[in-house]
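Have a look at the structure below before the remarks.
Nothing in this text is a laboratory measurement; each read-out follows from the coordinates by a stated rule. A quick note: this is a predicted structure, and the numbers were derived from the prediction, not measured.
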Amino acid sequence: MSSITRWDPFHNLSSLQDQVNRLFNTTFQGRADNSALTTWAPAVDIYETENELVLKADLPDMVEKDLDIRVENNMLTIHGERKFEEKVKEENYLRIERAYGAFTRSFSLPSTVNSEAIKAEYKNGVLTVLMPKRAESKPKQVKVNVSSSNS
């Protein structure tokens, strides 16, 4: 004699979710430990003043010679590499949260920027890129003469 079982369409759904979760945990778990050593992108702030655009990027523990800043075809590209300190053996670290390795950040520049006059400065772990605006793109104030007409 065969028994009748009630069909539950959602029974296998939770099992499938558990299997997918396990798949992702085992696949990416090994990479999580080393990911901080290989990929990162520095945080940037970009703001505009009356005369220029300013980009500030957080690049602590970097040396100026490891930074490459270029402007080509209205594209500002910052490339660099923060190297992992070899003074301390990796197995002696208890926690590594900072990211290391090469990075590239690119930003398209508006046509209002004078790319010939861009300057960069690296101080206290912050890269500041000053991008002056073209003279023709700066706001101009026009004086309006108001005449009173007596009718």
Worksheet item: Relative to the present Cα-Cα distance, how much length would full extension add between GLU121 and GLU48 at 0.36 nm per residue of separation?
Response: 24.6 nm
Worksheet entry | Too-long pairs where the Cα-Cα distance tops 20 Å, listed order kept, from LYS65/LYS119; LYS87/LYS123; LYS83/LYS119; LYS65/LYS133 | LYS87/LYS123; LYS83/LYS119; LYS65/LYS133
